[in-house]
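Take a look at the structure set out below.
Just so it is clear, none of the values below were taken in a lab; they were calculated from the coordinates. None of these values were measured; they are calculated from a predicted model. Heads up, the Cβs are rebuilt from the backbone with ideal geometry, glycines too, and the neighbour counts pull from every protein chain shown.
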């Protein structure tokens with residue numbers, strides 16, 4: 001459960017950052033948060049699988065390294081998803 005929470009938080013922060021960094025991809029604060037949170041879960045899961053932190057957290061060994069990994073993975077995933085979705089939405093609207 002802590003994994004998902006830290007991934008959501010990281011993704012939301014990444015989504016907000018993506019909206020501020022790429023002006024053409026901003027969907028407003030709520031849209032950026034939502035897209036970032038969704039991307040954060042995927043990014044955190046992907047990075048956690050690559051770094052093998054999921055097994056330690058599942059075994060009850062939730063430490064600062066796994067939390068940081070989830071935050072960073074969620075942030076990067078959230079930023080990427082927000083920029084991609086925001087850019088597509090802007091192109092569709094014209």
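With no solvent and one equal point scatterer per Cα, compute the Debye intensity ratio I(q)/I(0) for the chain at 0.24 Å⁻¹ and report its log10, rounded to two decimals. Log-scaled intensity ratios, in q order: -0.96.
Region 16-46 and region 70-85 have Cα centres lying 6 Å from one another.
Between residue 23 and residue 84, the simple label model (points 7 Å from Cα in the Cβ direction) yields a spacing of 2.6 nm. Highest-first packing order for the peptide set 66-74, 85-93 is 66-74, 85-93, based on the mean count of other beta carbon atoms within 10 Å.
Between the beta carbons of residue 92 and residue 68, assuming R0 = 35 Å, the FRET efficiency works out to 0.45 to the nearest 0.05.
Would you mind calculating the relative contact order of the chain from Cα pairs under 8 angstrom and at least 6 residues apart, reporting the percent as a whole number?
Values: 195 pairs, mean separation 41.3, N = 94.
Taking the mean separation of contacting Cα pairs over the length of the chain, I get 44 percent.
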